[in-house]
Amino acid sequence: MSLSEVLEQVRAATGPDQALDLRIARALGLWDVSMPGYEFLIVREYTGSIDAAVGLVERVLPGFAWSYHPEAGAAVWDNDFLGPVRSGRGDAETPALAIIAALLEAKIAEDA
């Protein structure tokens, strides 16, 4: 599943979703698919926890900052002001989902 497809699922989600957590981990290359059956024992609850979502930003995009505001959604951006601007914005049902959406947008832009 592509990052864009997962991003659309994150935007459509209404709350924590363990199956979506797994799809996020797989799309970002954080889950070794050679261990089927153990996914839900290892994958973090990214969609249900702001701390887990922020930890995911820190792991996937080291050096990026993040913010969340209930009316503006989430944003992630690169703190390297000397390089090209790399950022993403996310709007979703919960703060954790919005942070993940912003992360996925930034990752899609970075990979483009």
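Note on the range 58-112: residues that are over 19 Å from ALA13 (Cα atoms), without any contact (Cβ under 8 Å) to a residue 60 or more places away in the chain, out of contact with any strand residue (DSSP E or B) (no Cβ under 6 Å at 6 or more places or on another chain) and acidic (Asp, Glu) amount to 3. Close Cβ contacts (under 9 Å, 6 or more residues apart or on different chains) running from residues in the range 1-30 that are free of Cβ contacts under 8 Å to residues at least 60 places away in the same chain and closer than 15 Å to ARG59 by Cβ to residues that are of a type in the set (Phe, Trp, Tyr) and surrounded by 13 or more Cβ atoms within 10 Å (Cβ to Cβ) comprise ASP21/TYR46; ALA25/TRP31; ALA25/TYR46.
For the range 43-57, a residue qualifies if it is closer than 13 Å to LEU30 by Cβ and touching a strand residue (DSSP E or B) at 6+ places or on another chain (Cβ under 7 Å), and exactly one does: VAL57. If you check GLU45, GLU71, GLU58, GLU39 for being modelled with pLDDT under 80 and at negative phi, only one passes: GLU39.
Filtering the range 88-108 to residues that are crowded, with 24+ Cβ neighbours inside 10 Å, hydrophobic (A, V, I, L, M, F, W, C) and either more than 11 Å from the chain's Cα centre (by Cα) or closer than 14 Å to GLU71 by Cβ (or both) leaves only ALA98.
The values are calculated or read from the model by the stated rules, or taken from the named source; none is laboratory data. Note that the coordinates shown come from a computational prediction; the quantities given were computed from them, not determined experimentally. Every residue, glycine among them, receives a Cβ derived from its backbone with ideal geometry; neighbour counts consider all protein chains shown.
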